[in-house]
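The values are calculated or read from the model by the stated rules, or taken from the named source; none is laboratory data. From a predicted model like this one, the values you see are computed outputs, not experimental measurements. Virtual Cβ from ideal backbone geometry, glycine too; neighbours counted across all protein chains shown. When the accessible area is computed, the model is the full protein with side chains, heavy atoms only, and any ligands, DNA or RNA have been set aside. Shrake-Rupley method; radii C 1.70, N 1.55, O 1.52, S 1.80 Å.
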Amino acid sequence: MFVDIHVIQSVPPSNINRDDTGSPKTAYYGGVLRSRVSSQAWKKAVRGSFATTLKTDDLGVRTKQAVEKLVGRMTQLQPEIEAAQAQSRAKLVLEALGMKVDEVKLTRTQQKAVDAGEASAPAYGKTQYLVFWSNRQLDRLARLALDTEGKPSKAHAKAAADEEHGIEVALFGRMVADAADLNVDAAVQVAHAISTHAVTPEQDYYTAVDDANVEEETGAGMIGVIEFNSSTLYRFATVDVAGLHNNLGDPEATARAVEAFVNGFVASMPTGKQNTFANRTVPEAVLVCVREDRPVNLVGAFEDAVDNDGGFTRPSVARLVAELASVSEMGFTPAAVFTARGSDRGAAIGDVASPLPLPDLVASVGAAVRGSFPGGSQ
């Protein structure tokens, strides 16, 4: 089973995902320039939404600072342990997994500051790359470090680090360069969001006044330029339910993970330049397709850029509905569909199925997932 999520969302002037020059990301599609938001940016936003929908045990952390995380847990479990011993044991556990821990190397300036007592020396080494850990795995590794004299065996370390992935790791996967047997295949694929229409980059020339210098000078205390655009975005993601269940090993946890992801993907927004633009919109239309064959991205609906005829949202939603009908006629018919809408501009989504409030849509998708397992009921 696959759960496909399609979203049409209008975003006002904004810069929610920047490139290395500070400009909003873009891409050419259908021969015209489109606004783009990277999949990584939206996955980070979805993960942020989990803080209010999932329990701590279901969450994880992607970090180089595993030593510090382990030491913190070890200290909670055994407050009398010495800091140096805790750090040594934490490094030994990570080394048993095949990971290298680099000691923090200070620049000459940083070392001078430490020697002069103007700064404190970093306490913890770091792994050479980011590793995604579930909170339960970090707890298990901390207990292993406390219970083992010297370096644990690789088998014991792997058993602690390769079970109880938690919902975050199970959804988004994990790659460990030095220990491929710890890799976790992601159960979620997220497309780069693109505008359904052509966009023209714009610039905001702004000034800032020095509040404490109003008498001597009438000019600005600072000037600058921020690039932005506005767009109606098509967003797509899909969840491989079988792969997710393989990562979690529990049907109920799998259903909860799907519900959390659907809710998070629909409701979240990347935070780039939000204080500047306050672009906190909600989707105009949401379409969720439950499929038994394969995922289907409906972006082809917008290969011909939508023309501005009193706005982009209404024709974009109509195009999405028509594209779903076309791929269904070809033979890629979803087993079930659910819809939601955030405004009358998304009214055409009602031609697919009666729109539901978002909590009801999420619950309906969760019920479909539960019903797909032996003994499950919808």
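In the context of the full set of protein chains, residues of the chain present 49 Å² of accessible surface per residue (probe radius 1.4 Å, heavy atoms only). With a Förster radius of 35 Å applied to the beta-carbon distance between GLU163 and PHE332, the computed FRET efficiency rounds to 0.45.
Considering only ALA116, GLN76, ALA96, and ranking their Cα positions along the charge dipole of the chain that arises from unit charges at the beta-carbon of Lys, Arg, Asp and Glu, the one farthest toward the positive end is ALA96.
Only Lys, Arg, Asp and Glu count, each charged at its Cβ (+1, +1, -1, -1), so figure out the dipole size of the chain about its Cα centre, rounded to 20 debye.
Working: 37 positive and 47 negative charges, 175 e Å.
For this selection, approximately 840 debye.
Along the chain, the longest continuous region that contains none of the GluC sites (Glu not before Pro) in a DSSP loop with at most 15 other C-beta atoms within 10 Å is 1-79. Sorted from greatest to least, the principal axis extents spanned by the alpha carbons of the range 153-203 come out as 58, 21, 17 Å.
Averaging the Cα positions of each part gives two centres, and for the range 20-70 and the range 170-214 these lie 5 Å apart.
How far, in nm, would the chain grow between GLN40 and ALA347 when pulled straight, counting 0.36 nm per residue and subtracting the alpha carbon separation?
Length gained, GLN40 through ALA347: 107.5 nm.
Per the Debye calculation on the range 71-192 with a single equal scatterer at every Cα and no solvent contribution, log₁₀ I(q)/I(0) for q = 0.15, 0.18, 0.23 Å⁻¹ amounts to -0.77, -0.98, -1.30. Multiplying the residue separation of GLU202 and GLU103 by 0.36 nm and subtracting their alpha-carbon distance yields 31.1 nm. Extension gain, ASN183 to TYR28, is 52.5 nm, computed as 0.36 nm per intervening residue step minus the present C-alpha separation. Here the sum of -39500 (n - 2.57) over DSSP H runs of 4 or more residues, divided by the residues of the chain, equals -11000 deg cm²/dmol at 222 nm, to the nearest 500. Provide, for the range 1-119, the number of lysine pairs with alpha carbons under 18 Å apart, each pair being eight or more places apart or on different chains. Pairs that pass both the separation and distance tests number 11. Note on the range 1-134: Cα-only Rg and Dmax are 21.4, 65 Å.
Which loop trypsin sites (Lys or Arg not before Pro) in the range 11-110, with loop taken from DSSP, have no more than 14 other Cβ atoms within 10 angstrom of their Cβ? Write down the numbers at each step before the final one.
Working: sites: ARG18, LYS25, ARG34, ARG36, LYS43, LYS44, ARG47, LYS55, ARG62, LYS64, LYS69, ARG73, ARG89, LYS91, LYS100, LYS105, ARG108; in loops: LYS25, LYS55, LYS64, LYS100, LYS105.
Answer in residue order: LYS55, LYS100, LYS105.
Loop-located trypsin sites (Lys or Arg not before Pro) across the range 261-292 with a Cβ neighbour count of 16 or fewer within 10 Å are ARG280, with loop assigned by DSSP. Taking a temperature of 4 °C and a viscosity of 1.567 mPa s, what whole-number D in µm²/s does Stokes-Einstein yield for the chain with Rh from Kirkwood over alpha carbon pairs? Estimated diffusion coefficient is 55 µm²/s.
To the nearest 20 debye, what is the magnitude of the charge dipole of the range 319-378 about its Cα centre, counting +1 on the Cβ of each Lys and Arg and -1 on the Cβ of each Asp and Glu? Intermediate results must be reported in sequence, preceding the final value.
Numbers: 4 positive and 5 negative charges, 29 e Å.
Around 140 debye, computed over the range 319-378.
For the chain, with all protein chains present and a 1.4 Å probe, just round the carbon and sulfur fraction of the accessible area to a whole percent.
That share works out to 47 percent.
The per residue volume of the convex hull around the alpha-carbon atoms of the range 266-378 is 142 Å³.
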